[in-house]
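Asker: One structure follows; several queries about it will come next.
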Amino acid sequence: MEAGLNQMQTQSLTSLAKQIRSRECSALEACTFFLDRIEKLDGPINAYHEVYRQRATDQAKAIDAALDQGQDPGPLAGVPIAVKDNIVTDYGTTTAGSQILEHFKSPYTATAVEKLEAAGAVILGKTNCDEFAMGSSTEHCAWGATSNPWDTTRVPGGSSGGSAAAVTAGLCCASIGSDTGGSIRQPAALCGVVGCKPSYGRVSRWGLIAFGSSLDQIGPFTHTVEDAAMMLQVMAGLDAHDSTSAAVPVPDYTAALSEGDRPWRLGVPSQYL
């Protein structure tokens, strides 16, 4: 178990969830591992604005108790996840990186976060972002700039730079951000992790502080494509709170990863060369 804990910062979401469900490690051990890493390593990175140590610990204990009673907490059982600070929760504050909202406490939780928690995820905290998600570097946040974990003299991209940096540095197993014009895809590229902007309407925007409502989408940051598919599987679907969410059945994204035997082809626009 100790060897597994030593590698947990780079472990895939799906692998960690399986280990927790099989009791190879506990949800509390996983939660504590990441909370301790945040405390030790996040200083120069500044990926997090808030960390919910007590709440996350209580969530992890509840997951372990459910497993001990033979219950299945869900596909994300005990997996520690971080949330971008422009996605509201009814615990902690949601500031969107702005002093204007420094003390704002939402009366409700975003649908995407509710779905993650219902699937067993443990929410570690809120990650930094450019103020009101208007930026491409996560330098313009009221709580200080976020650095790229690979080289802290460089930016992680933005506006979801805190979410990307947290996954890259092993300060959570996965995270969610928002993308209007590249705010998931660009920091994922700069930090070297998987980022996915879902099609518009695929994931509910209920609880996302709007930037451009006709473009905004919530999506995952993960270590692997399989993990991103699992996160999207959990968050996707029609939501009565969001009239722009699509009334379209949610396919099995993880099963689709192994469909077909055609070789992949990569296209590179000629003007880049």
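Asker: Within the accessible area of region 151-273, what % is carbon and sulfur when the probe is 1.4 Å and the other protein chains stay in place? It would help to have the intermediate numbers written out before the result.
Answerer: Values: 3350 of 5960 Å².
For region 151-273, the apolar C and S fraction of the accessible surface comes to 56 percent.
Asker: Could you give me the percent of Cα pairs per 10 Å distance bin for region 164-227, shortest bin first, beginning at zero and ending with the bin that holds the maximum distance?
Answerer: In whole percents, the pair-distance histogram is 25, 53, 22, 0.
Asker: Could you report region 1-64's accessible area per residue, 1.4 Å probe, as an integer in Å²?
Answerer: Numbers: 3090 Å² over 64 residues.
Result: 48 Å² of accessible area for each residue.
Asker: For Trp264, Trp206, Trp150, Trp143, what's the largest-to-smallest order of accessible area, 1.4 Å probe? Don't skip to the answer; put the middle values down first.
Answerer: Working: Trp264 240, Trp206 85, Trp150 190, Trp143 60 Å².
I get Trp264, Trp150, Trp206, Trp143, largest accessible area first.
Asker: Out of residues 5 or more away from Arg202 or on other chains, whose amide H comes under 5 Å of its own, with H placed 1.01 Å from N in the peptide plane?
Answerer: Sorted by chain and number, the residues that satisfy this are Ala246.
Asker: Report for the chain the percent antiparallel among DSSP-assigned beta bridges with both residues inside it, nearest 5.
Answerer: Values: 13 of 21 bridges.
In the chain, approximately 60 percent of DSSP beta bridges are antiparallel ones.
Asker: What do you reckon, how do Tyr48, Tyr108 stack up by accessible area (1.4 Å probe), largest on top?
Answerer: On the way: Tyr48 15, Tyr108 80 Å².
Per-residue accessible area, sorted high to low, gives Tyr108, Tyr48.
Asker: If you take all C-alpha pairs in region 93-173, what percent of them are over 20 Å apart?
Answerer: Details: 1222 of 3240 pairs.
That fraction is 38 percent.
Asker: I would also like to ask the following. Can you give me the solvent accessible area of Tyr200 with a 1.4 Å probe, rounded to the nearest 10 Å²?
Answerer: Accessible area, nearest 10 Å²: 100 Å².
Asker: Round to the nearest 10 and report in Å² the accessible area of Asp58, as given by a 1.4 Å probe over the protein chains' heavy atoms.
Answerer: It works out to around 80 Å².
Asker: Next up: As a test of reading the structure, rank Ile123, Ile209 by solvent-accessible area (1.4 Å probe, protein chains only), most first. Intermediate results must be reported in sequence, preceding the final value.
Answerer: Working: Ile123 0, Ile209 45 Å².
Final ranking, largest accessible area leading: Ile209, Ile123.
Asker: Moving on. Applying 1/(1 + (r/R0)^6) with R0 = 25 Å to the Cβ-Cβ distance of Thr153 and Ala189, what FRET efficiency is obtained, to the nearest 0.05? Walk me through the numbers on the way to the answer.
Answerer: Working: r = 18 Å, r/R0 = 0.73.
Taking R0 as 25 Å, the efficiency between Thr153 and Ala189 is 0.85.
Asker: Could you work out how much longer the chain between Lys40 and Leu257 gets when fully extended? Use 0.36 nm per residue separation minus the Cα distance between them, nm to one decimal.
Answerer: Values: separation 217, 0.36 × 217 = 78.12 nm, distance 3.61 nm.
Net length gain for the segment: 74.5 nm.
Asker: Per residue of region 210-226, what does 6.51 cos²θ - 1.76 cosθ + 1.60 with θ = phi - 60° give for ³J(HN,Hα)? Whole Hz please, x for Gly and Pro, Karplus curve as stated.
Answerer: 6, 10, x, 4, 8, 10, 4, 8, 8, x, x, 10, 8, 7, 9, 5, 4
Asker: A further question follows. Sequence-distant or interchain residues sharing an amide H contact under 5 Å with Ile123, placed H: which?
Answerer: Ile81
Asker: With point charges of +1 on the Cβ of Lys and Arg and -1 on the Cβ of Asp and Glu, referenced to the Cα centre of the chain, which listed residue (Ile81, Ala121, Gly157) lies farthest in the positive direction of the dipole?
Answerer: Gly157
Asker: Just to confirm the filter: which GluC sites (Glu not before Pro) across region 48-129 are DSSP coil and have at most 10 other Cβ within 10 angstrom of their Cβ? Provide the component values of the computation, followed by the final result.
Answerer: Values: sites: Glu50, Glu102, Glu114, Glu117; in loops: Glu102.
For GluC sites (Glu not before Pro) across region 48-129 that sit outside H, G, I, E and B with at most 10 neighbouring Cβ atoms in 10 Å, the list reads Glu102.
Asker: Suppose a student asked you for the relative contact order of region 98-186, using Cα pairs under 8 Å spaced at least 6 residues apart; what percent would you report? Intermediate values should be presented prior to the final figure.
Answerer: Values: 122 pairs, mean separation 19.7, N = 89.
Relative CO of region 98-186 lands at 22 percent.
Asker: Roll a 1.4 Å probe over the protein heavy atoms and report the accessible area of His223 in Å², nearest 10.
Answerer: Result for His223: roughly 50 Å² accessible.
Asker: Take every Cα-Cα pair in the chain and report what % of them are more than 36 Å apart. Please list the in-between numbers first.
Answerer: Values: 3497 of 37128 pairs.
Pairs farther apart than 36 Å: 9 percent.
Asker: Consider all pairwise Cα distances in region 182-267 and report the whole-number % of them above 17 Å.
Answerer: On the way: 1997 of 3655 pairs.
Result for the distance tail: 55 percent.
Asker: Here's something else I'd like to know. Taking the Cα centre of region 162-273 as origin, work out the dipole magnitude from +1 charges on Lys and Arg Cβ and -1 charges on Asp and Glu Cβ, in debye rounded to 20. Before the final figure, lay out each step's value.
Answerer: Numbers: 6 positive and 9 negative charges, 60 e Å.
Taking the Cα centre of region 162-273 as origin, the dipole is about 280 debye.
Asker: Can you tell me the dipole magnitude for the chain around its Cα centre, using point charges on the Cβ only (Lys, Arg +1; Asp, Glu -1), in Debye to the nearest 20?
Answerer: Numbers: 19 positive and 29 negative charges, 71 e Å.
The calculated dipole for the chain is roughly 340 debye.
Asker: Continuing with the same structure: Which one, Ile63, Tyr52, Gly192, projects farthest toward the positive side of the charge dipole computed for the chain from Cβ point charges (K/R +1, D/E -1)?
Answerer: So the residue furthest toward the plus end is Gly192.
Asker: Evaluate the relative contact order of the chain (contact order divided by residue number), counting alpha-carbon pairs under 8 angstrom at least 6 apart; express in whole percent.
Answerer: Details: 626 pairs, mean separation 48.0, N = 273.
Once normalised by length, the contact order is 18 percent.
Asker: For Phe221, enumerate residues with amide H under 5 Å from its amide H, sequence gap 5+ or separate chain, H modeled in the peptide plane.
Answerer: Amide H neighbours of Phe221: Ser175, Ile176, Gly177.
Asker: Shifting gears a bit: For Gln99 and Val268, calculate 0.36 nm times their separation in residues minus their Cα-Cα distance, and state this gained length in nm to one decimal. Display every interim value, and only then the final one.
Answerer: Working: separation 169, 0.36 × 169 = 60.84 nm, distance 4.17 nm.
Additional length available on full extension: 56.7 nm.
Asker: Percent relative contact order of region 138-273, based on C-alpha pairs within less than 8 angstrom and at least six residues apart?
Answerer: Values: 240 pairs, mean separation 24.8, N = 136.
Reported relative contact order: 18 percent.
The values are calculated or read from the model by the stated rules, or taken from the named source; none is laboratory data. Because the structure is predicted, anything quoted here is derived from the model rather than measured. FYI the Cβ positions are ideal-geometry reconstructions off the backbone, even for glycines, and counts take in every protein chain you see. Accessible surface areas use protein heavy atoms only, side chains included; no ligands, DNA or RNA. Shrake-Rupley method; radii C 1.70, N 1.55, O 1.52, S 1.80 Å.
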